[in-house]
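Chemist: My questions all concern the structure below.
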Amino acid sequence: MNITAAMETRLWRQAFQHLGSQGLSAFVNQCMREYVNTSSTNVVGLLRSERVGIDVLNALREGFTQAGIESPVAKKATSLSMLNRHRRHFSLSLIQALPPRVVPEELIEFRLHLDNGV
């Protein structure tokens, strides 16, 4: 199962609405501290403000800063570069951390798979 960019966008927006800026920053900080790198691939993706919103980007930046992580590409105000393996880690962690009623409908199947260890 893959999480599309559109699904990820909705997930970040829902997480921001539910957790708020400080809560999302703290979540990112915690995820980065718990993350174990199992990949040698460094593919970078961009989250853009026109998709997820500037407030979400700022919360993510703050979480990275708190965790002592630098963005792998030059910083821009309207986008945030992130290693794709981190994006997937965050997405799966958010799907499990958020209450089921907050998880976007198209990601509920992911939640069921994660909850059941499939």
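Chemist: I'd like the residue in region 61-77 that is of a type outside the set (Val, Ile, Thr) and not in a loop (DSSP other than H, G, I, E, B) and, out of all such residues, is modelled with the lowest pLDDT.
Modeler: Lys76
Chemist: Kindly indicate the residue of region 31-56 that is of a type outside the set (Asp, Glu) and in a helix (DSSP H, G or I) and also modelled with the lowest pLDDT among those meeting that condition.
Modeler: Arg33
Chemist: Hey, can you tell me all the residues within region 78-118 that are in a loop (DSSP other than H, G, I, E, B) and loosely packed, with under 14 Cβ neighbours inside 10 Å? It would help to see each step written out before you state the result.
Modeler: Residues of region 78-118 in a loop (DSSP other than H, G, I, E, B): 78, 98-104, 116-118.
Correct list: Thr78, Pro99, Pro100, Arg101, Asn116, Gly117, Val118.
Chemist: Considering only region 31-44, I want to know if a residue exists there that is charged (D, E, K, R) and surrounded by 16 or more Cβ atoms within 10 Å (Cβ to Cβ). Please lay out each step first, then the result.
Modeler: First, the residues of region 31-44 that are charged (D, E, K, R): 33-34.
Checking which are surrounded by 16 or more Cβ atoms within 10 Å (Cβ to Cβ) leaves us with none.
There is no residue in region 31-44 that is charged (D, E, K, R) and surrounded by 16 or more Cβ atoms within 10 Å (Cβ to Cβ).
Chemist: Identify all residues within region 57-77 that are among the aliphatic types (A, V, I, L, M), touching a Ser or Thr at 6+ places or on another chain (Cβ under 8 Å) and buried (at least 16 other Cβ atoms within 10 Å of the Cβ); write none if there are none.
Modeler: Correct list: Leu57, Ala59, Leu60.
The values are calculated or read from the model by the stated rules, or taken from the named source; none is laboratory data. The structure displayed is predicted, hence computed values, not measured ones. Please note: Cβ atoms are built from the backbone with ideal geometry, for glycine as well, and neighbour counts cover all protein chains shown.
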